[in-house]
Amino acid sequence: MAITAELVKELRQRTNAGLMDCKAALQETNGDIEAAIVALRKKGQLKAEKKAGRITTEGLIFIKVSADKHKAIMLEILCETDFVAREKNFINFGEQLAQHALDNEISNAEDLSASQLGDHTVAEVRQALVTKKGENIQLRRIHLIKTEGEIASYMHGGRIGVLLEYHGDDENLAKDLTMHVAANAPLVVNAEDVSETVIAKEQEIFKAQAEASGKPAAIIEKMISGRIQKFINEVSLMGQPFVKDPNTSVAKLVQQKNMTVKSFTRYAVGEGIEKKVENFAAEVMSQVKDN
C-alpha cells in the first residue's frame, strides 16, 4: 500500500510523533493506521525506558491555588536540560498537570501518574513528551494543602515555589512571608518544631568545635547551649529576622498583625539531587544513539 502524505499527517496529528517515525510506522504496518499507532507507542515506551535512568536536575515548579484560597497544589517536574524546561510543551504539560491535581485533590506523584487525563493516563502523556523531547522527564513530588484558613503562594522564576497556610486578614503580609521563606529557607514554623534528632546532630558538631578550643567544661556547656539556641532561631521561621525589616523578628511581626502561620512548604528545583558531570561530546553521542 502506498504511504501518502495525508496518511502520515493523520498519524502525526493523532500521536504527536515525529514525521519520519510516523512514515516508518506506516511502512512497517502496510498503511494500517491503528497498527501504526500501537507500533509507535511500543517504540515510545522503549525510548522512554532508555531515558528513565538519566539524571534530571532541571525543571520547573508549578503552583495552582483554588479561587477561595482554601486549597492548593505545588508540583515539581524535572527534566535534563534548562532548554526543555523553558519549552512551551513542557510548560503546558506542567500547568495542565497542576490544575488536574488540584481539581482531583491528588497528593502524591504515583497517584497523579496513574490518573486519567483525557483519553490517556498521565503516565502515557508523560511518556509521549519524553519521546518527543528526547529527555527523561519525571514527576518528582507534589504537595496538596486543604485548609479552613487561607493559602498564600509565591513563585521565583519557576525554580523556587512556596505555599503558606495561615489564619489572618493581612494578605500582603502573607505574601511577604512566602517571599521570606523563598529567600531564607527555614526548616520549620516554630522553634519547638525542630526535631530532637536535628538538635542532637548539631549539638555533636558544636561540642566537637567547642572542645577543640581547650576551654573548661562549664564554659563549653554554655557555648553549646548558646549555639543551639542560635541555630534553632536560624532554622525556624518565627525566629528569623524578617527579610524586609531585619530589626523585627517574624514572630513579632505576625503577632502585631494578629496572624497565625500554620505551615509552609518550599520547593527548589532539583534540590538534594547530585548532578552528574559528563563529557559533552559523549552525552551528545548517547542521545543520538537513544534516538
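The values are calculated or read from the model by the stated rules, or taken from the named source; none is laboratory data. Remember, it's a predicted structure, so these values are computed and weren't measured experimentally. Cβ coordinates were reconstructed from backbone atoms using ideal geometry, including for glycine residues, and neighbour counts include every protein chain displayed. What goes into the accessible areas is simple: the full protein's heavy atoms, side chains included, and nothing from ligands, DNA or RNA. Shrake-Rupley method; radii C 1.70, N 1.55, O 1.52, S 1.80 Å.
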Query raised in the report: Hull surface divided by four, with the convex hull built on the Cα atoms of segment 133-257: how many nm²?
Result: 11.9 nm²
Query - Charge dipole (debye, nearest 20) of the chain; +1 at Cβ of Lys and Arg, -1 at Cβ of Asp and Glu - result: 620 debye
Query raised in the report: Distance in nm between label sites at Asp119 and Glu221, each 7 Å beyond Cα in the beta-carbon direction?
Result: 7.4 nm
Query raised in the report: Mean residue ellipticity at 222 nm from the helices of the chain, using -39,500 (n - 2.57) per DSSP H segment of n ≥ 4 over the full residue count, to the nearest 500 deg cm²/dmol?
Result: -15500 deg cm²/dmol
Report task. Determine the share of the chain's accessible area contributed by carbon and sulfur atoms, expressed in whole percent, with a 1.4 angstrom probe. Result -> 50 percent
Requested in this report: Give the label of the value calculated from the structure for Cα Rg over 2.2 N^0.38 Å, choosing from [x] 1.33; [y] 0.99; [z] 1.06.
Outcome: [x]
Report summary line: Largest-first ranking of Leu163, Leu19, Leu60 by accessible area, probe 1.4 Å, whole protein assembly kept, is Leu19, Leu60, Leu163
**Report entry** Most fluctuating residue given options Ala39, Ala98, Ala218, as computed from a GNM of the chain linking Cα atoms under 10 Å
**Finding:** Ala218
Query raised in the report: With no solvent and one point on each alpha carbon, what is the Debye value of log10 I(q)/I(0) for segment 58-173 at q = 0.11, 0.18, 0.24 Å⁻¹?
Result: -0.36, -0.88, -1.37
Report summary line: The simple spin-label model distance between Glu271 and Lys230, using points 7 Å out along Cα→Cβ, in nm, is 2.3 nm
Query - 1.4 Å probe accessible area per residue over segment 71-225, in Å² - result: 50 Å²
Requested in this report: Once you've got the GNM for the chain with C-alpha springs shorter than 10 Å, pick whichever of Glu124, Glu196, Glu171 has the biggest mean-square fluctuation.
Outcome: Glu196
Query raised in the report: Applying 1/(1 + (r/R0)^6) with R0 = 51 Å to the Cβ-Cβ distance of Ala5 and Asp111, what FRET efficiency is obtained, to the nearest 0.05?
Result: 0.75
Query - Label-point separation, Ala212 to Ala200 (7 Å along Cα→Cβ), nm - result: 2.3 nm
Query raised in the report: Which residue, Gly18, Gly158, Gly134, tops the fluctuation ranking in a GNM of the chain built on C-alpha contacts under 10 Å?
Result: Gly18
Report task. Compute the signed sum of charges (Lys and Arg +1, Asp and Glu -1) over the other residues within less than 14 Å, Cβ to Cβ, of Lys222. Result -> +2
Requested in this report: Only Cα pairs under 8 Å and at least 6 apart count here; give the relative contact order of the chain as a rounded whole percent.
Outcome: 19 percent
Query - Per principal axis, descending, Cα span of segment 81-143 in whole Å - result: 30, 23, 17
Report task. Work out how much length Glu148 to Lys252 would gain on full extension: take 0.36 nm times their residue separation and subtract the Cα-Cα distance, in nm to one decimal. Result -> 35.0 nm
